[in-house]
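Notes for the one structure printed next.
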Amino acid sequence: MTLLNGKEIANQIKDEITAEVDKMKIRGEKVPHLAAVLVGNDGASLTYVGSKVRSCKRIGFESTLKHLPEDTSEEELLKLVKELNDNPDIDGYIVQLPLPKHIDEQKVLLAVDPDKDVDGFHPANFGKMALDMESFIPATPFGIMELLRRYEIDIEGKHAVIIGRSHIVGRPISILLSQKGKFANATVTLTHSRTRDIKALTLQADIIVSALGVPGFLTEDMVQEGAVIIDVGITRVPDDSKERGYYLTGDVDFDAVSKKASYITPVPGGVGPMTIAMLLQNTLLARKRRAEKS
Ligand code: NAP
């Protein structure tokens, strides 16, 4: 079994981006600038946004955090989104999800300029991705594809079973794995909570991507010998013995499943760090595209 070390690969990618940013600085060019919008004080969101901003600093990007109170109105948020769209200094930005219930998430995501949509959530980018056109690819599925590519895992013609059909993970990874091209060309089955017999499907899978957020869902008896296992799930399990009051766990029964798998991602240290690395990669791409246009 080989551990797919997302932390190590993410650090490699960040080093590569840092080298590019250093060259930009030497040439006197503008460096990429990522902004993050956070509404409210959700614990997990604060952690994610904090680590995105820290990563920007580490690799030499400029970053801006717009932290708004929980009771921010939809109108105020849309006004900020417009300001970010219009600000020539910002190359890309993210609106951290979930938003408070009184704000229509879709309305906000639709207001983001697709050219600055480094999360790849705008329908213009999602549609282009589905049509094999150049776009911003959502960071988590992009990170999974990059992990498979850098470990040179052959997926051509393989059967990939995905568990979960969310718009940010399951659905886009089903599109990317089934695209025509090198490090793609898989045959994909996309499963969800209404799928009748997931075990019958996972037992036929060469690759399993688990993205449902149910700890220990994927057990050893659901996996065939030699399968590649990608665990996207991140759940905070309350634990008083830990200083922060919880520990993180994935969807996969790691100890048992890793004995059968050919490759497997750990949680933490697998897909999570890749997500941040690919957001930075998208921001670099946004800067380059804007530089080409100007
Ligand atoms: P989500 O929007 O809640 O979607 C969950 C999906 O799982 C849904 O499609 C749901 O089916 C399906 N599902 C739920 N219970 C199921 C069951 N018992 N059997 C089969 N399918 C089931 O979740 P998400 O945003 O994609 O996130 C999934 C997990 O990945 C979470 O733990 C999240 O924290 C984690 N995550 C990690 C990263 C990272 O960077 N590593 C990034 C994003 C998300 P229905 O559609 O039928 O409801």
- line: Lys and Arg at +1, Asp and Glu at -1: neighbours of residue 193 with Cβ under 15 Å from its Cβ sum to +3
task: Calculate, for the chain, the solvent-accessible area per residue in square angstrom, rolling a 1.4 angstrom probe over the heavy atoms of the protein chains.
output: 49 Å²
- line: Given all pairs of distinct Cα atoms, region 28-68 yields a Kirkwood Rh in Å of 10.8 Å
- line: Everything considered on the Cα gyration tensor (a ≥ b ≥ c; rounded for a/c under 1.5, else prolate if a/b is larger than b/c, else oblate), region 48-92 must be described as oblate
- prompt: Taking K and R as +1 and D and E as -1, what net charge do the other residues with C-beta under 15 Å from the C-beta of residue 256 add up to?
  reply: -4
- request: For region 212-268, give the percent of accessible area contributed by carbon and sulfur heavy atoms, probe 1.4 Å, rounded to a whole number.
  value: 50 percent
- prompt: Pick from 186, 111, 35: which is most flexible by mean-square fluctuation in a GNM of the chain where alpha carbon atoms under 10 Å apart are linked?
  reply: 111
task: Considering the convex hull of the alpha carbon atoms of region 119-232, report its projected area averaged over all viewing directions, in nm², one decimal.
output: 6.9 nm²
message: Among DSSP bridges having both ends in region 137-282, what percentage is antiparallel? Round to the nearest 5.
response: 20 percent
query: Hey, can you list the DSSP H helices of the chain whose Cα span along the axis is 24 Å or longer and whose average Kyte-Doolittle score is at least -1.0?
result: 6-26, 43-59, 271-293
message: Considering only C-alpha atoms, what is the centroid distance from region 261-294 to region 198-227, in Å?
response: 25 Å
statement: Longest the chain segment clear of GluC sites (Glu not before Pro) sitting in DSSP loops (not H, G, I, E or B) with at most 16 other Cβ atoms within 10 Å runs 157-224
- prompt: Within the set 14/116; 107/128; 101/199; 116/180; 101/158, which residue pairs have Cα atoms separated by over 30 Å?
  reply: 101/199; 101/158
field: Fluctuation leader among 195, 140, 235 - the chain, Gaussian network, Cα springs under 10 angstrom
entry: 195
field: Within the accessible area of region 1-137 (1.4 Å probe), percent carbon and sulfur
entry: 53 percent
- line: Taking a straight Cα-to-Cα line shorter than 17 Å from residue 7, and setting aside same-chain lysines fewer than 8 residues away, one finds 52
- prompt: Rounded, prolate or oblate: which fits region 167-294 when a ≥ b ≥ c are the square roots of the eigenvalues of the alpha-carbon gyration tensor, with rounded for a/c under 1.5 and prolate only if a/b beats b/c?
  reply: oblate
message: Using only the alpha carbons of the chain, what is the convex hull's orientation-averaged projected area in square nanometres?
response: 16.0 nm²
- prompt: In the Gaussian network model of the chain, springs joining C-alpha atoms below 10 Å, which of 92, 245, 60 carries the largest mean-square fluctuation?
  reply: 245
statement: Here the net charge surrounding residue 69, from other residues whose Cβ is less than 13 Å away from its Cβ (Lys, Arg +1; Asp, Glu -1), is -3
message: Taking 18 Å as the cut-off for C-alpha to C-alpha distance, list the pairs among 30/57; 30/293; 82/288 that go past it.
response: 82/288
task: Indicate the gyration tensor shape class of region 168-211 (rounded, prolate or oblate), computed on the Cα atoms with a ≥ b ≥ c the square roots of the eigenvalues: a/c under 1.5 is rounded; otherwise a/b larger than b/c is prolate and the rest oblate.
output: oblate
- request: Hand me the trypsin sites (Lys or Arg not before Pro) from region 44-118 located in a DSSP loop with no more than 16 other Cβ atoms within 10 Å, in residue order please.
  value: 101
message: Please compute the modelled spin-label separation between residue 185 and residue 237, points set 7 Å along Cα→Cβ, answer in nm with one decimal.
response: 4.0 nm
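The values are calculated or read from the model by the stated rules, or taken from the named source; none is laboratory data. Since this is a predicted model, take the numbers as computed values, not measurements. Neighbour counts run over all protein chains shown; Cβ positions are idealised from the backbone, glycine included. Ligands, DNA and RNA are stripped out before the accessible areas are found, and what is left, the full protein with its side chains, is counted by its heavy atoms. Shrake-Rupley method; radii C 1.70, N 1.55, O 1.52, S 1.80 Å.
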